[in-house]
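Read through the structure below, which is laid out as structure tokens, and then see the notes.
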Amino acid sequence: MWKALALVAAALTAAAALEFFPVRAASEPKAQSDARPTEAAIETFAAMCRSEEVVDSRRDPAWVSQSFLGDNCQAPRPPKVIDGAKVSREEIVASMEAGKIYAAAADAFQKCVGDFVAARKAVKPLTPSQAIIQNYRITVSQKTKEMVAAQTRVAIVAFNRYGSECPM
């Protein structure tokens, strides 16, 4: 029995290897490596240097922030994103404060969901899908909180580099 399983595993591995590492027949001509495109065929792009960038800022589905199973937990709305290079000092300070308020509200939301799950488990266990949804809501809240903090840092860096009137 073990030999049969080993043979099947070897055959599957060989098939996968051929899928990922195709073998070229000896009769196929090799591609010419010294063939270079003409200058007109080469498209160049300007260099883009981005060090303080927030990559994923997609909005989450609306159901994530709504109450689920009557838990009475509402996720807070994240503050609006600002361009630090185009705002005043007062606006950047207000954005920092909004980020702190959002972080506190997100922590309260996560605690609310956690408390609801603990109380619900004491009475009636959650189904696997309900547990997954509640865990997802907490995860999304945490990721959004981190994204808001990152967006605030990006705005501060942009303000310090381009928006403030301080010399570098």
Taking neighbour counts of Cβ atoms within 10 Å as a proxy for exposure, in what order, fewest first, do Ser141, Ser88, Ser67, Ser129 appear? Ser129, Ser88, Ser67, Ser141
Taking Lys80, Lys121 and counting other C-beta atoms within 10 Å, the order from fewest to most: Lys80, Lys121
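No lab work stands behind these numbers, since they all come straight from the coordinates. Keep in mind that what you see is a predicted model, and the values were worked out from it rather than measured. With ideal geometry, Cβ positions are generated from the backbone for all residues, glycine too; neighbour counts draw on all protein chains shown.
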